[in-house]
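Here's the structure, in C-alpha cells; my notes come after.
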Amino acid sequence: MGLDSIIGVIGGLAFFLFGMSVLSTALKKVAGKRLEVILEKMTDHPLKGLVLGAVITIAMQSSSALTVMLVGLVNSGIMNIAQTVGVIMGSNIGTTLTAWILSLSGLKTDNILLSMLKPANFSPVMALIGVCMIMAAKEQKKKDLGQVLVGFAILMNGMEMMSHALSPLSEVPEFVDALTAFRNPFFGVLIGTLFTAVIQSSAASVGVLQALSLTGHITYGVAIPIIMGQNIGTCVTALLSTIGVSKNAKRVSVIHISFNLIGTAVGLIVYLMLDWGAGLSIFNDAIKPFEIAAFHSIFNVVTTCLLLPFSKQLVNIAESVIKDDGNQEVFLDKRLLLTPAIAVKECKKKSALILQDAANGYMESMSLIGDYDSKSKDNIKELEERVDEMVESCNNFLIQLSSKDVSDSDSEIIATTLHTIGDMERISDYSLNLSTVAKKMEQADYDKKELKKNLKDTNKKLESLFEKIMIAYENDDVSKANEVREQSEELVDQIKKAKKSDLKKLRKGKMDAEISVYLSDYLSISRRVVEHIQNIAEAIAI
C-alpha cells in the first residue's frame, strides 16, 4: 500500500467523519422542535420508547449522541431510568439507516435513473443545491436544510475517497493474507469494538467496513463479528459522559452496555454454531456493502426483539451494578447542550419553576403581615436561597446555550429567559425583605385585624397577578401577559394612592409613626414586585 493510498484513506475518513458531524448538527436544528414533541410524548411503555428512539436517532444520525442526551435527561430528572430502555434499543435500529444509504455506493447498473441513486452521482448535485440554499436563502430553516445536504455530500465524498484509496489493496497479497487474522470471530469482535470506540461512531465504523468490502476480500466471516463488536464500541461515548453524574444517569450507560453485550454474546453463539458447528460455506464468500447494511439492521432488530420483553430485567441489572446512594438530580445537565432545541425547552421549564418558587415565597411573606410565624420565615429563606441557586445555574446554562447554533425562535426564548429570571430573583429577594418587615411589625403595638383588613385588597390583587403571570409564562400566552400588564399598572396606581393616604393620616396624627414606616416599606416592596411582574409580562408580550 503506497503513500498515496494511505493519504487517501486518512483524507477520506476525515471527510467522512466531518460530513457526519455537519449532517448530524444540521439535522438536530431542522428536527429540533419535532424532538421536543417526541420527548413530551414519551411514556413508560418500552415499545413506544423503541419507536421514538429509532426516530430520534434517524434525526440525529448518532446513537451515541442520543445515549449521551439520555444521560443528561435522566440526570436532570426529566426522564426516569425505565423510560430509557426502549429508547436505547430503538437507537440501535435507527443508526442502521446510514449503512443503507452508504450501501448504494456499490450499485452497478446501466439504467440512467437507477445510476443516479449512486452517491458518486447524486452527492455533487446535493452539494450544489445545499451551497445555493446556504448562500441565497433568507430563512434560517432553508439554510439549515442546505447544511444537511452539504453535510451528506461531504460524507459521501469521504466514502468515495476511502473506496478509491482501498481498491488497489485487492491486488496486494499481504492485505489478503492479513484478513485471515480477522477470520477469528473473537478477534473480529475486539477489532470492531476498538475501532468504533476510537472514532466514536458505529455508523462511521460500518461505513469504513463497507468501503473495505468493495475490495472484494471482506468475507461474511470477517464482517459479521466486526459488526457485532461495533455495537459494543459505540457504548464508549455514553460511558465517558457518565463521569460526575447521578447514579440514575450512570445506569443509562449500564443499560446501553448490557443490552449490546448480551446481544453480541447471543449473536456470537449463533454465529459459532453456524460456522464451527454447521460449517456453512457462506461465511467464506465475499460480502458487499448492501449485505453489510442488511446484516447490521437484521442483527439490531433481532437483538431488540429478543431483549425488549426483558426491559425490567435490564433496569434491575443497572440498579444492581450501580447502587443507589441518594444522589439528587442536577438542575440543568450540560449534556442537554448536545441538543440545543431540547436544552432551550428544558431551560424554559426550569425558569418557570424559578418563577413559581419566587411567587410562593412572596405570597407566603404577605401572609406574615399581622400574623407572623418564625417557621414560615425560615421556609421563605430556604425558598429564596433555592431561587438564587437555580437562577445562577440557569444563567450559566443559558450563556453556554447562547453560543450554540440555535434557530431564531430558540434564540428569542434564550434572550427572553435571560431577561426575565433576573426579575424572578428580585421578587424572591423582596419576599425575604417583606418577611423582615413582618417580623418588626409583630413587635409593634397596633390593631392587627384592622391592618390585615386594609391590606387585604392589595394582597388579593398581587396573588391574582402571580397566578396569571405564571400561566402566561408557562404557556407563552400573550393575551394573558397583556392582561397582567394592564392590571399591574392599575395596582401600581393603587399603591401610590395608598402611600399618599397613609402619609396624610400620619401628618394628622391618625397613624402611629412606627407602623407608618413599616406600612411604607410594605407598599414600596409591593410596588417593586408588581413592576418586576410587569417586566416579565412585557417580555412575553414582545
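Derivation of every value follows stated rules applied to the coordinates shown; laboratory data play no part. Keep in mind it's a predicted model, so treat the numbers as computed, not measured. Backbone-built Cβ (ideal geometry, glycine too); neighbour counts: all protein chains shown.
Assuming R0 = 30 Å, can you tell me the calculated FRET efficiency for the pair Val301 and Ile7, based on Cβ-Cβ distance, to the nearest 0.05?
Calculated transfer efficiency: 0.20.
Efficiency by 1/(1 + (r/R0)^6): what FRET value for Lys452 and Asp388, r their Cβ-Cβ distance, R0 = 35 Å, to the nearest 0.05?
0.70
Can you list residues from other chains, or at least 5 along the same chain, whose modelled amide H is less than 5 Å from the amide H of Met79?
Val74
Could you give the alpha-carbon Rg of the range 339-541 over 2.2 N^0.38 Å, rounded to two decimals?
That works out to 1.12 for the range 339-541.
Roughly speaking, what % of Cα-Cα pairs in the range 179-242 are separated by over 21 Å, rounded to a whole number?
18 percent
Taking the Cα-to-Cβ direction at Glu442 and at Cys132 and moving 7 Å from each Cα, how far apart do the two end points lie in nm?
So the label points at Glu442 and Cys132 sit 7.5 nm apart.
For Thr95, list long-range residues whose amide hydrogen, built 1.01 Å from N in the peptide plane, is under 5 Å from its own amide hydrogen.
Under 5 Å from the amide H of Thr95 lies no amide H from a residue far enough along the sequence or on another chain.
When the Karplus curve 6.51 cos²θ - 1.76 cosθ + 1.60 is applied with θ = phi - 60°, which whole-Hz ³J(HN,Hα) does each residue of the range 415-424 get, with x for Gly and Pro?
4, 5, 5, 4, 5, 8, 5, x, 5, 4
How big is the gap, in Å, between the Cα center of the range 227-297 and the Cα center of the range 368-431?
45 Å
Give me a comma-separated list of calculated 3J(HN,Hα) values for the range 190-196, in order, Karplus coefficients 6.51, -1.76, 1.60 applied at θ = phi - 60°, integers in Hz, x for any Gly or Pro.
Each residue's phi maps through the Karplus curve to give 4, 5, x, 5, 5, 5, 5 Hz.
Treating the beta-carbon of each Lys and Arg as +1 and of each Asp and Glu as -1, no other charges, what is the dipole magnitude of the range 339-541 about its Cα centre, to the nearest 20 debye?
1160 debye
Between Glu319 and Ala415, what length comes free when the chain is fully extended (0.36 nm per residue of separation minus the Cα-Cα distance, one decimal in nm)?
30.6 nm
Can you list which of the trypsin sites (Lys or Arg not before Pro) found in the range 434-495 are DSSP loop residues with at most 12 other C-beta atoms within 10 Å?
none
With a Förster radius of 35 Å, plug the Cβ-Cβ distance of Lys349 and Lys499 into 1/(1 + (r/R0)^6) and report the FRET value to the nearest 0.05.
Once the sixth-power term is evaluated, E becomes 0.40.
Taking other Cβ within 10 Å of each residue's Cβ, how do Ser201, Ser407 sort, fewest first?
Neighbour counts put them in this order, fewest first: Ser407, Ser201.
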